[in-house]
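Let me begin by presenting the structure, written as structure tokens, before commenting on it.
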Amino acid sequence: MEQSINRVELLGRTGNRPTLRHTPNGTPVTQFSLYTNQLWRNASGELCEAAERHSVTAWSQLAIQCCNHLHKGSRVHITGRLQTRRWEDPESGDVRLRTEIIASEVIFLGGIQQSNLPPAYGFELEDLPDMRPSDDESTPTDDPDLNDS
């Protein structure tokens, strides 16, 4: 049998705040939407944009973490696999299909303000100190204490 790969990586913003539910046997599960956008130029050179909505499902401890740290509009990177569910609508009898991402890894990108993560887990790039030397600071070669001679 041939090996195949079912892997999805998405970077986007959540469309709703996840809510935690439990299966009948007690396993935590959550579902939320994730929006990604695509930019391109049309034939006349105008910049166009389209948004795509994805359904994401997270299970067990990952579901709990998503519910604790995500809210509507949170920036997030998700790795997972595609899964299509099939069922019959009880009212109409029509067969329904739903393709969703089953998350295996979620990286919270919004920083402390957006994701409510404790300081040890998140930061904004603007919060990092500027590590470039200023004009009035000496470089290591100019500092006599750092030279071997």
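Assorted remarks:
- Scanning region 10-36 for residues that are β-branched (Val, Ile, Thr) and under 16 Å from GLU52 (Cα atoms) yields THR14, THR36.
- Pairs, first without any contact (Cβ under 8 Å) to a residue 60 or more places away in the chain in region 88-109, second outside any loop (DSSP other than H, G, I, E, B) and among the aromatic types (Phe, Trp, Tyr), C-beta under 7 Å, six or more apart: ARG96/TRP87
- Within region 6-50, the set of residues being part of a loop (DSSP other than H, G, I, E, B), charged (D, E, K, R) and at pLDDT 95 or above comprises ARG7 only.
- Looking only at region 34-85, and only at residues there that are aliphatic (A, V, I, L, M) and exposed (fewer than 13 other Cβ atoms within 10 Å of the Cβ), the one that is nearest to ARG98 (Cα to Cα): LEU82
- Selection from region 51-98 of residues that are at pLDDT below 95 and at positive phi: GLY73, GLY93
The values are calculated or read from the model by the stated rules, or taken from the named source; none is laboratory data. None of the values given here were measured: they were computed from a predicted structure. For neighbour counting, all protein chains shown are included, and Cβ atoms are generated from backbone atoms with ideal geometry for every residue, glycine included.
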